[in-house]
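Participant: Dumping the structure here so I can ask a few things about it.
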Amino acid sequence: MPPWLETEGLEPLQRLVEAGGVVLVVIALVAMLLFSLALERVWYFRLTYRRARRALIARWAARQDHLSWSALTLREVWARELIGRLRRPLPWLKLLVALCPLLGLLGTVTGMIAVFDSLAMTDTSQARAMADGVARATLPTLTGMAVAVVGLLFTSRLEQIIRREDQRLHDRLARAVEDTDA
C-alpha cells in the first residue's frame, strides 16, 4: 500500500485501490470531472443562458432594421454565438465519456496481469485466489462502463436540449419582431 494512503481520512480511497487498483481511482477522478461539468452545464443553462437569451431577444427587438440581409445575418451570428456558449463543453464531455471504458479496460488488463503473475509466482493453481483476482480485475471495466453509460445519457440529453433551444431561440427572435410590429 502506498504511504500516502495510510492516513485515516483516506480509508475509502484505500479500499477503492484495494478493490480495483489505481485505475479505479483514475476512473473515479474522471467521473467526478465528468459530473462536475454536467452540473456546471445544468447551472449555466438554468441561470446564465436564460438571462443571456432574454437580453439577446430584447436587443434584437430594440433594433430598427429587422429585414435587411445584414440584420438577418447579425441575428444569426448572435444566435450562433449564444448557442455556441451552451455547446462549448460538449467535446470535453464526449471525450471523458469515451475515456471511461478505455480506462476500465486498462484496469482489467493490468489486474489480469497481476493475477497471472501471482499465480506464476506461487506455482500452485488455487481456484479461489484466481477467482478473487479475476473479480477484482473486472471491477474497473464495470465501473468504467457504468460511468460511460450515465455520461452518455447526459451528453445525449444535453445535445437534445441544445437543438431544442436553438429552434426556440430562432422562434423567439422572430416572434419578438412580430410583437414590436403589431
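Participant: Can you name the condition, by its number, that Arg46 falls short on among (1) touching an Asp or Glu at 6+ places or on another chain (Cβ under 7 Å); (2) free of Cβ contacts under 8 Å to residues at least 24 places away in the same chain?
Facilitator: Arg46 satisfies all of (1) touching an Asp or Glu at 6+ places or on another chain (Cβ under 7 Å); (2) free of Cβ contacts under 8 Å to residues at least 24 places away in the same chain except (1).
Participant: Any idea which of Leu139, Leu106 is more than 28 Å from Leu47 (Cβ to Cβ), part of a helix (DSSP H, G or I), modelled with pLDDT under 95 and open to solvent by 60 Å² or more (accessible area, probe 1.4 Å)? So that I can check it myself, show each step before the final result.
Facilitator: Working: Leu139 fails: open to solvent by 60 Å² or more (accessible area, probe 1.4 Å).
Of Leu139, Leu106, the one residue that is more than 28 Å from Leu47 (Cβ to Cβ), part of a helix (DSSP H, G or I), modelled with pLDDT under 95 and open to solvent by 60 Å² or more (accessible area, probe 1.4 Å) is Leu106.
Residue-by-condition table, conditions (1) outside any helix (DSSP H, G or I); (2) at pLDDT 95 or above:
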| site | (1), (2) |
| --- | --- |
| Leu34 | no, yes |
| Trp60 | no, no |
| Leu96 | no, yes |
| Asp117 | no, no |
| Ala120 | no, no |
| Thr124 | yes, no |
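Participant: I need the full set of residues from region 75-110 which are more than 12 Å from Val23 (Cβ to Cβ) and β-branched (Val, Ile, Thr), in order please.
Facilitator: Those that are more than 12 Å from Val23 (Cβ to Cβ) and β-branched (Val, Ile, Thr): Val77, Ile83, Val97.
The values are calculated or read from the model by the stated rules, or taken from the named source; none is laboratory data. On a predicted model such as this, the values are computed, not experimentally measured, just so you know. Here the Cβ is made from the backbone with ideal geometry for all residues, glycine too, and neighbour counts use every protein chain on show. Ligands, DNA and RNA are stripped out before the accessible areas are found, and what is left, the full protein with its side chains, is counted by its heavy atoms. Shrake-Rupley method; radii C 1.70, N 1.55, O 1.52, S 1.80 Å.
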